[in-house]
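Working notes, structure below.
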Amino acid sequence: MATQKKDFLFVFSLTVTFLLLVKVIEGSSMEAEALLRWKQSLPPQESSILDSWVDESSSHNSTFLNNPCQWNGIICTNEGHVSEIDLAYSGLRGTIEKLNFSCFSSLIVLDLKVNKFSGAIPSSIGALSNLQYLDLSTNFFNSTIPLSLSNLTQLLELDLSRNFITGVLDSRLFPNGFSSKSNLGLRNLRNFLLQDTLLEGKLPEEIGNVKFLNLIAFDRSQFSGEIPQSIGNLTYLNALRLNSNYFYGEIPKSIGNLKHLTDLRLFINYLSGEVPQNLGNVSSFEVLHLAQNFFTGHLPPQVCKGGKLLNFSTAHNSFSGPIPSSLKNCASLFRVLMQNNSLTGSLDRDFGIYPNLNYIDLSFNKLEGKLSPNWGECKNLTHLRIDNNKVSGKIPEEIIKLKNLVELELSYNNLSGSIPKSIRNLSKLSMLGLRDNRFSGSLPIEIGSLENLKCLDISKNMLSGSIPSEIGDLSRLQFLGLRGNQLNGSIPFNIGLLDSIQIMIDLSNNSLSGEIPSSFGNLKSLENLNLSHNNLSGSVPNSLGTMFSLVSVDLSYNSLEGPLPDEGIFTRADPSAFSHNKGLCGDNIKGLPSCNDDRNGLNDNSGNIKESKLVTILILTFVGVVVICLLLYGTLTYIIRKKTEYDMTLVKESATMATTFQDIWYFLNGKVEYSNIIEATESFDEEYCIGEGVSGKVYKVEMAEGSFFAVKKLHYSWDEDEMVVENWDNFQKEARDLTEIRHENIVSLLGFCCNKVHTFLVYDYIERGSLANILSNAREAIELDWLNRIKAVKGTARALSFLHHNCKPPILHRNITNNNVLFDTKFEPHISDFATAMFCNVNALNSTVITGTSGYIAPELAYTTEVNEKCDVYSFGVVALEILGGKHPRDIISTLHSSPEINIDLKDILDCRLEFPETQKIITELSLIMTLAISCVQAKPQSRPTMYNVSRLLELQAAVG
């Protein structure tokens, strides 16, 4: 009986084992089959990693049915089930939509990062109930997040970064992602722009159900919408990386409940409102990035409560109030970016000693106090930027001991004293900015020891003495700015030996004397030279004419004389660049006398000739006066005779003429009178003229109370013989309608005047001036960095979209050019000049005379006068390309029109004065702008998109609102 029982147990055990083995084999076979079917669905691969994936059941010598555990990238459990699929860094292409995830019940790790997978993330991925690590980062996935991800309740890490996950564009448009190559997907983009296919892409609330997550990485994708409140349910979360997306709205207060959060990255989004103060309760922060959003209010004071904070950024927001109090004793700090806010506080009281600090930028705030010697204790500091604040006092010697310092930027403060001679200790210094302070004394010769210096700007201080010749030893210098000081003596000859200098030499507004060194002709890369407002004498060296890289030169207000070089910049510079000198001349320069004029009376009879000319002039003057008197007498007689007849006619027509030719004066809120404008401009004296366009001149007007306006006086007069009442009525109606337009990117028309003497429009005055002026000035062009250029394109598109699609009836601008895109002090763009604007019927073509500016006019206007909104779209495309490239894109447009399918790379058109952008987000945005601009300058109007679709795509679902 016992034996039978043992036999039974043995057979039962054997049976169970066999059944389990069969089940394992069947499971393994199903997994292998699923993997093989997926492999077959993929296109041919360059990678060899999948070569080991073969069907072993078809081999006669195989002892296994199918064993994926032996394949590359596959790891199995002890029972033979697939537990990990790791194909990272394999260069694989295709989709994962054909992978049957339901076959992998034991899968714990799915790692496909850094490949070329595209398409959607299938909802079947939710079947991986035991999955703990999912990494699909750095691919081209372009769909929304499947809600089935909320079924992955065991998930610990979720990384979907650097993709197009929520696909602001339809995934069919860019199956391989977006590229900096203009022709990639251009046809599909045009199709998109000509229809309405923008998709929503939000982070689902269900993400809060995956309660064990400790890492969420969604950075550098295309997410939009608001951050869900359910994020606060993920109490185990260590890292939340949502940066470089299009999230908007406020930060959920629930994030402050995440006690274990060490890494929070929200930078480069469209988030707004105040940062929850309970973020300071998170004592474990090591990384907190809030930069480049639209936050307001105060920063949480306890951001470094746990003393572990390494990286902290709040830059480019609108934060105000004090520096967080916990930062003073936060010795762990490594990198701090707080620039471009309105933070207050004291530089010497609110900051401490940071032995690990490598980089700190506090520029463009409202900080006061002095430069504390404590900064000298930050031994690892490489970048110290505190420019554009209210800091006072001297530069402590302790700061000059920071031997690792690469950049010291203290411009636009109230610093005083002398520049320390010990500056030579900063041997690694590349940038020294001390502009707009109150430094005095001489420029120390020790500056010449800074062999790595590329930028030296000490403009607008009170330095005296001569320019040390040792500056000529700065072999890597690219920018030299010493303007607006009290420097005297001659310009050192060896400055002309700095062959590396490229951006600018600005020595203007000093008391320099002597001649311009001929050695300047060696500066073959220099773009801008300003020596104006000095006491320079002698002639201008001919060698300066061979500096063909020069885009601007200013030698005005000196004592220079003799002929100017007849080549290079001197043949195209504005005459004002040479004005107020002793005796400059030039045969090919407008506004200067010819050097061949006999102005010196060198022949022997010169005295007699002069006397003869004088007698002739007196005789002619006498005869002229007599003739004029006779003409005046005859005219007065005629007027007196006709006066009675004229008065009778005037009485009969007075009612009509009063209606027809009455002056029109209108100013918003009635704050300014017509006489105020005439008085402030002294009847439009040229002294107040700041520019001239096709339709008129622009004057800068300062009123008595200190306000400024821009007044455009039109090249237009009313002809009484042709005038009818309807013209007056139409002008007044349209002009009044224009004054009602209010948009953040449109210069406000405040008033207008029309009479028989003047016709002018009154606008808001925009401080920085036009895009044309900025791009022509190398320093300002560099200030207009990639972020500001992206903002310029977006703002211009918003304004035109508003005019075309939000105004009833729609308004055509008809003169979008680089002169009519203006910038305020924050580089916010504003389109101006409605003198040529017209109201149009949206359903009809509008025939008119050609108006606009050459180079920006749509090509169809060469053979037709039919104007519609697509003409503005073309002009916008030209301006957008000009913003990217820094110059008019005539060659690019010509190439596109002759070869529509030509491939243009982003690197080939970007302004070379700026460094190529480092972040993928900026590259992606610039690539999109390039592609949109190319679509806008298509030769056929019907191939161009509407401004509504252009603006909507640029804004990506109007995330900022």
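The values are calculated or read from the model by the stated rules, or taken from the named source; none is laboratory data. Being a predicted model, the structure only gives us computed values, none of them experimental. Ideal geometry is used to build each Cβ from the backbone, glycine not excepted, and the neighbour counts take in all protein chains shown.
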Name, by its number, the condition in (1) closer than 20 Å to Ile741 by Cα; (2) at pLDDT below 65 that does not hold for Ile831. (2)
Can you pull out every residue in the range 780-797 that is out of contact with any helix residue (DSSP H, G or I) (no Cβ under 6 Å at 6 or more places or on another chain) and either over 15 Å from Lys887 (Cα atoms) or surrounded by 23 or more Cβ atoms within 10 Å (Cβ to Cβ) (or both)? Glu783, Leu787, Asn788, Lys791, Gly795, Thr796
Please report, ordered by residue number, the strands (runs of 3 or more DSSP E) entirely within the range 248-338 with at least 3 residues that are out of contact with any Ser or Thr (no Cβ under 9 Å at 6 or more places or on another chain). 311-313
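Tell me whether the range 396-404 contains one or more residues that are touching a strand residue (DSSP E or B) at 6+ places or on another chain (Cβ under 8 Å) and at pLDDT 95 or above. Steps first, answer last, please.
Looking only at the range 396-404, we keep the residues that are touching a strand residue (DSSP E or B) at 6+ places or on another chain (Cβ under 8 Å), and these are 399, 402.
Checking which are at pLDDT 95 or above leaves us with none.
Within the range 396-404, none of the residues are touching a strand residue (DSSP E or B) at 6+ places or on another chain (Cβ under 8 Å) and at pLDDT 95 or above.
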Out of (1) farther than 30 Å from Met462 by Cα; (2) in a strand (DSSP E or B); (3) aliphatic (A, V, I, L, M), what's the single condition that is false for Val553? (1)
Residue within the range 296-309 that is under 30 Å from the mean Cα position of the chain (by Cα) and closer than 28 Å to Leu136 by Cα present: no
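So which residues in the range 677-693 are of a type in the set (A, V, I, L, M) and part of a strand (DSSP E or B)? Let's see the steps before the verdict.
Just the residues of the range 677-693 that are of a type in the set (A, V, I, L, M), to begin with: 677-678, 680, 690.
Residue satisfying the conditions is Ile690 alone.
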Taking Tyr236 and the conditions (1) within 30 Å of Ile923 (Cβ to Cβ); (2) of a type in the set (Ser, Thr, Tyr); (3) touching a Phe, Trp or Tyr at 6+ places or on another chain (Cβ under 7 Å), which numbered condition does it fall short on, given that it satisfies the others? (1)
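Can you find a residue in the range 228-246 that is part of a helix (DSSP H, G or I) and either under 22 Å from Asn311 (Cα atoms) or assigned by TED's automatic domain parsing to the domain that holds Ile922 (or both)? Full working, then the answer.
Start the filter on the range 228-246 by keeping residues that are part of a helix (DSSP H, G or I), which leaves 229-233.
Adding the requirement that they be either under 22 Å from Asn311 (Cα atoms) or assigned by TED's automatic domain parsing to the domain that holds Ile922 (or both) leaves none.
No, there is no match, as no residue in the range 228-246 is part of a helix (DSSP H, G or I) and either under 22 Å from Asn311 (Cα atoms) or assigned by TED's automatic domain parsing to the domain that holds Ile922 (or both).
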Any residue in the range 448-468 that's part of a loop (DSSP other than H, G, I, E, B): show its pairings with residues that are among the aromatic types (Phe, Trp, Tyr) at Cβ separation under 6 Å, as long as the two are six or more apart or on different chains. Asn461/Phe439
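Go through the residues of the range 373-387 one by one and say whether even a single one is among the charged types (D, E, K, R) and closer than 19 Å to Thr314 by Cα.
Kept after step one, since they are among the charged types (D, E, K, R), are these residues of the range 373-387: 377, 379, 385, 387.
Going one step further and asking which of them are closer than 19 Å to Thr314 by Cα, we end up with 385, 387.
Yes, the conditions are met somewhere in the range 373-387.
Yes or no, residue by residue, for (1) surrounded by fewer than 21 Cβ atoms within 10 Å (Cβ to Cβ); (2) touching a residue at least 12 places away in the same chain (Cβ under 8 Å); (3) at positive phi; (4) in contact with a strand residue (DSSP E or B) (Cβ under 6 Å, 6 or more places away or on another chain):
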{"residue": "Ser102", "(1), (2), (3), (4)": "yes, yes, no, no"}
{"residue": "Leu110", "(1), (2), (3), (4)": "no, yes, no, yes"}
{"residue": "Ile121", "(1), (2), (3), (4)": "no, yes, no, yes"}
{"residue": "Tyr133", "(1), (2), (3), (4)": "yes, yes, no, yes"}
{"residue": "Ser137", "(1), (2), (3), (4)": "no, yes, no, yes"}
{"residue": "Phe141", "(1), (2), (3), (4)": "no, yes, no, no"}
{"residue": "Ser148", "(1), (2), (3), (4)": "yes, yes, no, no"}
{"residue": "Leu152", "(1), (2), (3), (4)": "no, yes, no, no"}
{"residue": "Ser161", "(1), (2), (3), (4)": "no, yes, no, yes"}
Search result, residues across the range 370-401 that are over 31 Å from the mean Cα position of the chain (by Cα), under 18 Å from Ser418 (Cα atoms) and part of a loop (DSSP other than H, G, I, E, B): Leu371, Ser372, Lys394, Ile395, Pro396, Glu397, Glu398
Regarding the range 869-887, can at least one residue be identified that is at pLDDT below 90, assigned by TED's automatic domain parsing to the domain that holds Ala792, assigned to a helix (DSSP H, G or I) and over 22 Å from Met947 (Cβ atoms)? no
Output the number of residues of the range 467-498 satisfying the condition of being within 18 Å of Arg435 (Cα to Cα) and surrounded by fewer than 15 Cβ atoms within 10 Å (Cβ to Cβ). 1
Looking only at residues that are modelled with pLDDT of 95 or more and part of a strand (DSSP E or B) in the range 84-127, which one is nearest to the chain's Cα centre (by Cα)? Asp111
